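Below is one structure, written out as structure tokens; comments come after it.
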Amino acid sequence: MPKLLIVESPTKAKTITKFLGKDYTVISSFGHIRDLPKKSTAVDVHNGFTPTYEIPDDKKDKVRALKAAAKGVSDIYLATDEDREGEAIAWHIAEVLDLDPATAKRITFHEITKTAITAALEHTRHIDMRMVNAQQTRRILDRLVGYELSPLLWSKVQRGLSAGRVQSVAVRLVVERERERLAFKTDEYWSVEAMLAKGGSEFSTKLIAIGDRKIEKLDLKTQTESDAVVAAVRGADFVVKSIEKKSATRKAPTPLTTSTMQQEAYNRLGMSAKQTMTLAQKLYETGRITYMRTDSTNLGEQFMAATQAFIQAQWGATYLTGGVHYQTKKKGAQEAHEAIRPTDVTATPESVRAELDPGMWKLYDLLWRRTVASQLPPAKLERTAIDFSANDHTFRGNGSIVVFEGFMKVWQASEDKLLPNLSEGENIGTAMSVTPEQHFTEPPARYSDASLIKIMEEYGIGRPSTYAPTLATIEARGYVLRDDNKKLFPSDIAFVVIDLLKEHFPQIVDYDFTATMEQKLDHIAEGDENWQLVLAGFYGPFHEAIATKGAELSREAIMKVTEIGIDPESGLMIVARTGRFGPFVQVGELPTNKKAPKPKRASLEKNQTIDTLTLDQALRLLSLPRVLGNHPNGDEIVANVGRFGPYLKCGAMNITLPPEHHPATITLEQAVHICTEGVAKKIKAMTPLAELGIEPDTKANIVIKDGRYGAYVTDSKTNATIPKGIDPLSVTLNDAIDLLVKKRKAPKKMWKRKEKASDE
């Protein structure tokens with residue numbers, strides 16, 4: 001009889017099918033097949049926090065397919081991912097297939113290769129209910145926090161807001177960093193650089209001392225002081241005062257974990273955490289790399305042996321180390337797992353380039369190089385510091401040379417500068433140039449994806465599976481925005497929410513509490529804690545606080561009002577505050593008489609915040625809406641800023657304003673051009689290419705439209721692209737219905753399965 005092997009991903013199923021014979025059928029569950037329903041809490045807090053799961057509508061066909069595939073097979077293997085989320089998916093599959101978790105055949109593997117799959121089938125185990133309970137605890141915990149705290153935020157702050165055990169702490173980190181920046185006082189300081197030369201070799205030196213006085217970073221406060229240095233040494237001979245050479249060793253980098261992979265991918269490739277994890281998932285499912293959710297830096301003995309053989313063949317015995325072992329210092333790391341590495345070290349980036357998409361190849365290249373580098377010997381450098389004396393002023397030049405490349409054969413070439421051969425007492429003449437340079441101290445940098453993940457890991461907030469989804473969540477919910485350098489900064493509503501949570505629900509945003517809860521989840525997975533007691537210990541005080549604060553707090557006490565300055569036209573104070581639809585500025589206060597005219601208001605633009613808003617910016621916002629004039633067709637054109645950003649109202653139609661224009665400065669001529677093009681595009685998009693008729697089952701009207709990505713069929717709810725090469729006007733009603741039915745049944749993107757690890 002055939003055997004059935006169930007995985008989460010269709011890509012993974014396709015890869016594994018290649019390794020197994022005809023005796024096996026490999027099928028995908030397409031991620032989670034059951035979840036807590038969205039319309040209710042679905043957790044019985046009075047009876048052991050018992051959850052009620054349901055099969056979502058979009059998963060019912062998958063469940064039917066699983067049940068059909070399970071009929072008439074001799075064995076069923078549950079081969080979902082080896083983390084808690086994967087264990088929970090295996091348990092849910094067992095539940096719907098009526099399999100006993102204590103006897104169900106569960107297999108796990110760290111890489112999708114024939115050797116790994118075969119070994120896993122030979123060493124089956126049963127579902128680990130400790131891991132399932134840890135996942136359930138996290139899911140229930142986040143559901144309770146989200147479903148009880150979010151409504152309070154809706155009523156007291158703004159509709160649509162959310163709070164979560166991990167996401168709110170991440171937002172707090174961003175908010176507190178921004179407050180550090182706002183409180184930072186900038187200091188001016190100067191440095192002096194002298195460009196020297198010998199025998200055609202040019203190199204830079206910097207002032208480090210005047211007489212016996214060492215010059216530190218902030219010692220030269222003004223241009224007058226730096227100009228005095230320039231005047232003193234310009235025209236003076238530079239004489240070698242001392243030469244210091246030191247041998248240095250640079251250690252090889254460690255193999256990559258989930259967090260360090262995300263950090264390196266951001267720093268070196270400019271990839272967001274979400275993009276990195278999506279590409280890593282594809283590389284894993286196609287058998288290129290090992291499992292990409294791990295906090296271990298350990299590498300398997302078999303892989304290290306293969307890597308040493310590869311290194312000897314490539315670069316010779318000088319580069320052999322015998323295999324470098326790494327142990328993760330992080331508490332709770334699972335050493336049985338491996339770091340993220342290529343499954344085959346001989347599959348060099350150059351050899352697989354043609355087989356991978358550009359993004360996948362870039363990430364694979366980074367992973368391969370980092371892994372191989374970790375098994376190469378340290379690099380050896382010779383560092384040189386040469387001090388020059390010029391009229392009692394000391395300048396220093398630093399440089400180094402690579403004596404032995406070691407791991408730098410494949411990872412991070414040295415960018416250190418070289419210095420010429422010199423001897424003490426040697427006079428190399430006057431400087432080519434002596435230049436003062438003005439500097440200003442800078443506030444702490446805003447977090448990038450990489451640095452926020454790093455600090456979350458240092459605090460023990462979240463786990464490998466939650467970093468990327470957490471960042472995606474806080475950005476999607478509007479708590480954080482991105483500046484021109486893609487760095488994260490908080491929206492005004494983030495300041496309000498974090499202040500509210502810190503004052504009234506401190507546990508939710510407390511770093512130590514959040515880290516401790518992560519440890520408790522680890523303890524549940526290890527069998528050292530009872531999951532129901534953990535939930536009870538949290539929920540009782542939390543629920544009581546929600547009930548008490550919900551009655552005590554008023555919206556007026558929460559929403560801060562900031563005075564911006566006096567309106568020159570009315571003489572009234574311009575204030576900024578956050579409303580139900582975001583931050584806005586207002587001239588004067590609301591009148592006590594409800595029948596009196598309301599004061600003029602204007603929404604802040606997307607990248608503006610109340611804490612940094614100037615009076616000029618506020619006045620520009622309040623100048624809106626601007627009536628620019630009339631279009632040649634007679635329609636009035638108005639420029640304004642709305643909930644979704646700057647726009648033009650062209651008659652009855654709204655057109656998004658391009659980023660190069662601002663509603664306070666755009667001219668009528670420019671607006672006429674934008675309106676003409678924008679209205680034409682909207683009319684074209686609204687006008688069907690063809691009306692095909694009524695779908696018998698749904699009674700919906702089916703039409704063909706021309707969209708941004710080509711022609712498509714739509715019933716006003718579902719859009720289905722017409723395949724390339726097919727004339728849209730040749731599509732019949734039956735063709736269109738087939739396309740729509742197929743689109744409705746299509747699975748969602750697989751990365752969404754792992755986003756379940758984020759907060760509600």
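The values are calculated or read from the model by the stated rules, or taken from the named source; none is laboratory data. Bear in mind that the values here come from a model prediction, so they are computed numbers and not experimental data. Note: ideal-geometry Cβ built from the backbone for every residue, glycine included; neighbour counts use all protein chains shown.
Identify all residues within the stretch 433-453 that are surrounded by 17 or more Cβ atoms within 10 Å (Cβ to Cβ) and closer than 21 Å to I498 by Cα; write none if there are none.
Start the filter on the stretch 433-453 by keeping residues that are surrounded by 17 or more Cβ atoms within 10 Å (Cβ to Cβ), which leaves 434, 436, 446-453.
Across the stretch 433-453, the qualifying residues are R446, Y447, S448, D449, S451, L452, I453.
Selection within the stretch 408-419: residues that are surrounded by fewer than 17 Cβ atoms within 10 Å (Cβ to Cβ) and closer than 17 Å to E244 by Cα. The member of this set that is modelled with the lowest pLDDT is D416. Residues in the stretch 34-72 that are closer than 30 Å to I112 by Cα and buried (at least 16 other Cβ atoms within 10 Å of the Cβ): R34, D35, I55, K59, K62, V63, L66, A69, A70. Within the stretch 59-76, the set of residues being under 34 Å from the mean Cα position of the chain (by Cα) and more than 25 Å from L141 (Cβ to Cβ) comprises K60, D61, K62, V63, L66. Only residues that are in a helix (DSSP H, G or I) and farther than 28 Å from R341 by Cβ were counted across the stretch 89-131, and they come to 7. Here D484 clears all of (1) over 28 Å from G579 (Cβ atoms); (2) at pLDDT below 90; (3) surrounded by fewer than 24 Cβ atoms within 10 Å (Cβ to Cβ) except the condition numbered (1).
Comparison of A209, A228 shows that the only residue that is touching a strand residue (DSSP E or B) at 6+ places or on another chain (Cβ under 7 Å) and outside any loop (DSSP other than H, G, I, E, B) is A209. For the stretch 526-543, a residue qualifies if it is without any contact (Cβ under 8 Å) to a residue 60 or more places away in the chain and either assigned to a helix (DSSP H, G or I) or surrounded by fewer than 18 Cβ atoms within 10 Å (Cβ to Cβ) (or both), and the qualifying residues are D528, N530, L533, G537, G540, P541.
Among the residues of the stretch 255-286, how many are part of a loop (DSSP other than H, G, I, E, B) and either touching a Cys at 6+ places or on another chain (Cβ under 7 Å) or surrounded by 22 or more Cβ atoms within 10 Å (Cβ to Cβ) (or both)?
Going residue by residue through the stretch 255-286, those that are part of a loop (DSSP other than H, G, I, E, B) are 255, 257, 270-272, 286.
Now drop any that are not either touching a Cys at 6+ places or on another chain (Cβ under 7 Å) or surrounded by 22 or more Cβ atoms within 10 Å (Cβ to Cβ) (or both), which leaves 255, 257, 271.
So the count comes out to 3.
On inspection, A551 does not qualify as closer than 30 Å to E87 by Cβ, hydrophobic (A, V, I, L, M, F, W, C) and either in the same structural domain as R165 (by TED's automatic domain parsing) or surrounded by fewer than 17 Cβ atoms within 10 Å (Cβ to Cβ) (or both). Of all the numbered requirements in (1) under 32 Å from the mean Cα position of the chain (by Cα); (2) assigned to a loop (DSSP other than H, G, I, E, B); (3) basic (K, R), K417 misses one, and that requirement is (1).
Taken over the stretch 487-499, the criterion of being more than 30 Å from T548 (Cβ to Cβ) and either without any contact (Cβ under 8 Å) to a residue 60 or more places away in the chain or aromatic (F, W, Y) (or both) is satisfied by K487, F489. Among the numbered conditions (1) assigned to a strand (DSSP E or B); (2) over 23 Å from F407 (Cβ atoms); (3) under 44 Å from the mean Cα position of the chain (by Cα); (4) hydrophobic (A, V, I, L, M, F, W, C), the only one that A248 does not meet is (2).
Filtered by the rule that a residue be over 13 Å from the mean Cα position of the chain (by Cα), among the aliphatic types (A, V, I, L, M) and closer than 16 Å to I340 by Cα, the stretch 253-274 gives a lone residue, L256.
Looking at the stretch 580-640, none of the strands (runs of 3 or more DSSP E) lying wholly inside it contains 3 or more residues that are in contact with a Phe, Trp or Tyr (Cβ under 8 Å, 6 or more places away or on another chain), among the basic types (K, R) and not assigned by TED's automatic domain parsing to the domain that holds E569.
Search the stretch 368-407 for residues being part of a strand (DSSP E or B) and among the aromatic types (F, W, Y), and hand back the single one that is surrounded by the fewest Cβ atoms within 10 Å (Cβ to Cβ). Before you say what the answer is, go through the steps one by one.
If we filter the stretch 368-407 for residues that are part of a strand (DSSP E or B), which is where we start, we get 379-390, 393-404.
The next check asks that each one be among the aromatic types (F, W, Y); those that pass are 388, 395, 404.
On the way: F388: 25, F395: 25, F404: 14.
In this case the residue turns out to be F404.
Pick out the one residue from P723, P663 that is modelled with pLDDT of 90 or more, exposed (fewer than 15 other Cβ atoms within 10 Å of the Cβ) and out of contact with any Gly (no Cβ under 6 Å at 6 or more places or on another chain). Every option except P723 fails the conditions. Is it the case that the stretch 500-517 has a residue that's assigned to a loop (DSSP other than H, G, I, E, B), touching a residue at least 12 places away in the same chain (Cβ under 8 Å), among the basic types (K, R) and surrounded by 14 or more Cβ atoms within 10 Å (Cβ to Cβ)? Within the stretch 500-517 (the criterion being assigned to a loop (DSSP other than H, G, I, E, B), touching a residue at least 12 places away in the same chain (Cβ under 8 Å), among the basic types (K, R) and surrounded by 14 or more Cβ atoms within 10 Å (Cβ to Cβ)), the answer is no, since none of the residues qualifies.
Among the candidates K38, K67, K59, K14, which residue alone is without any contact (Cβ under 8 Å) to a residue 24 or more places away in the chain, outside any loop (DSSP other than H, G, I, E, B) and either in contact with a helix residue (DSSP H, G or I) (Cβ under 6 Å, 6 or more places away or on another chain) or not assigned by TED's automatic domain parsing to the domain that holds R744 (or both)?
One residue alone meets the criteria, K14.
Please go through the stretch 154-187 and pick out each residue that is of a type in the set (A, V, I, L, M, F, W, C), assigned to a helix (DSSP H, G or I) and either under 20 Å from N607 (Cα atoms) or within 17 Å of the chain's Cα centre (by Cα) (or both). Please lay out each step first, then the result.
First, pick out the residues of the stretch 154-187 that are of a type in the set (A, V, I, L, M, F, W, C): 154, 157, 161, 163, 166, 169-171, 173-175, 182-184.
Cutting the leftovers down to assigned to a helix (DSSP H, G or I) gives us 154, 169-171, 173-175, 182-183.
Result: V169, A170, V171, L173, V174, V175, L182, A183.
Only one of A280, A248, A265, A313 is farther than 15 Å from T371 by Cβ and at pLDDT 95 or above; which? Talk me through it step by step, then tell me what you get.
Working: A280 fails: farther than 15 Å from T371 by Cβ; A248 fails: at pLDDT 95 or above; A265 fails: farther than 15 Å from T371 by Cβ.
After ruling out the rest, the residue left standing is A313.
Determine if the stretch 353-367 includes at least one residue that is over 30 Å from Q519 (Cβ atoms) and touching a Phe, Trp or Tyr at 6+ places or on another chain (Cβ under 8 Å). Yes, because at least one residue in the stretch 353-367 is over 30 Å from Q519 (Cβ atoms) and touching a Phe, Trp or Tyr at 6+ places or on another chain (Cβ under 8 Å).
Once the stretch 296-305 is narrowed to residues that are farther than 11 Å from T371 by Cβ and of a type outside the set (D, E), the residue that is surrounded by the fewest Cβ atoms within 10 Å (Cβ to Cβ) is Q302. Mind listing whichever residues of the stretch 701-720 are within 15 Å of K742 (Cβ to Cβ), crowded, with 19+ Cβ neighbours inside 10 Å and in contact with a helix residue (DSSP H, G or I) (Cβ under 7 Å, 6 or more places away or on another chain)? Residues satisfying the conditions are I702, V713, D715, A720.
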